[in-house]
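One structure below.
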Amino acid sequence: MIAYERRASPLHAARAPVAAAYAVALVSSVLLFEHPLALVALGIAIIGAGVLAGAGPSLARAALFAIPFAIIIAVINPLVVREGLTVVLRLGELGPLGQLDVTAEALEFGAILGLRALLVMLAGGALLAATVDADEVLQRFRRISAHSALTAALAVRLVPVLGRDARRLADARRCRPGAAARPGPAERLQIVRAVATGALDRALDVAATLEVRGYATPAATRGARRLREPWSRHDLAFAASALGLVALALGARLVGVATFEAYPRTQAPVGAAEIVLAVALVIVALLPFADRRGVER
């Protein structure tokens, strides 16, 4: 399990919403590119950010689960996609699937899809979870609605309890005279509605109780001092980095740099513009880590 742990790194020194925006910018950039060179550059940026933030072990643990998933995507794509001109393997007639030919283009695009999935899970899962303090995010959301922040947090943390509630409701329904052995769609919808309503009511009651006892006040929560602090150099640096990453990705799409065509033949031109873009992505993503002043705060 990957959990947040405060470390002496510039990314941890930034406020939680900024760190979350940085991770989301990396994910968005990955989703905006299909060119292999740009994806490799973003992979270097994500791994480099994880290592520089002290979250290397978290990324490694996430990769143990993400790599098999990426391989499955890479293998399935050439089996289900019939496009491409370069046939590398003929599997013959496979019953209702018909003639199955594996093309080099489908293999290459499957590898691209698998790489994108891997990078999204590393940036949006491991890096985000290891460097963003969820409690601080909720504290900042509390400035909009303290009651809603506590309700949302408790509703999520009560998921195991909700599962048990659903099983009890289903058992109770089956005990009714004339009830079917297996619930139909309408009955399942009623159970889901009852569980969801009970979850929100329960979370609302617990949130009110905790708020009365002072758990929702800034003085009683960790990191409350940071809520009133002005933006630090790390906040500004990572916010600028997040905006820069998205700007580079959108700009490349608009001007036609790092374009990729999978079918009917794979086309991924690599020229000076693509190389400059790849270097710029790495630099923009990792430059905020160069300033380590005040990371112990």
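Looking at segment 87-97, is at least one residue in a helix (DSSP H, G or I), at negative phi and surrounded by 15 or more Cβ atoms within 10 Å (Cβ to Cβ)? No: segment 87-97 contains no residue that is in a helix (DSSP H, G or I), at negative phi and surrounded by 15 or more Cβ atoms within 10 Å (Cβ to Cβ). Is one or more of the residues making up segment 58-69 small (G, A, S) and under 19 Å from G244 (Cβ atoms)? Checking segment 58-69: not a single residue is small (G, A, S) and under 19 Å from G244 (Cβ atoms). Among the residues of segment 240-297, just one is farther than 28 Å from A14 by Cβ, assigned to a helix (DSSP H, G or I) and touching a helix residue (DSSP H, G or I) at 6+ places or on another chain (Cβ under 6 Å), namely E274. Scanning segment 23-53 for residues that are under 15 Å from A134 (Cα atoms) and either of a type in the set (F, W, Y) or surrounded by 20 or more Cβ atoms within 10 Å (Cβ to Cβ) (or both) gives a single hit, A23. Of the helices (runs of 4 or more DSSP H) that lie entirely inside segment 8-86, those containing 3 or more residues that are modelled with pLDDT under 90 and within 17 Å of E108 (Cβ to Cβ) span 56-80.
Being among the aliphatic types (A, V, I, L, M) and over 28 Å from W231 (Cβ atoms) is the requirement here; does V282 meet it?
On the way: among the aliphatic types (A, V, I, L, M): yes; over 28 Å from W231 (Cβ atoms): no.
When the stated conditions are applied, V282 does not pass them.
Which of the following residues is modelled with pLDDT under 95, in the same structural domain as A49 (by TED's automatic domain parsing) and under 24 Å from the mean Cα position of the chain (by Cα): A258, A273, A247, A280? On inspection, the qualifying residue turns out to be A258.
The values are calculated or read from the model by the stated rules, or taken from the named source; none is laboratory data. Since we're looking at a predicted model, the values are computed, not measured. Every residue, glycine as well, gets a Cβ built from its backbone with ideal geometry; the counts of neighbours run over all protein chains shown.
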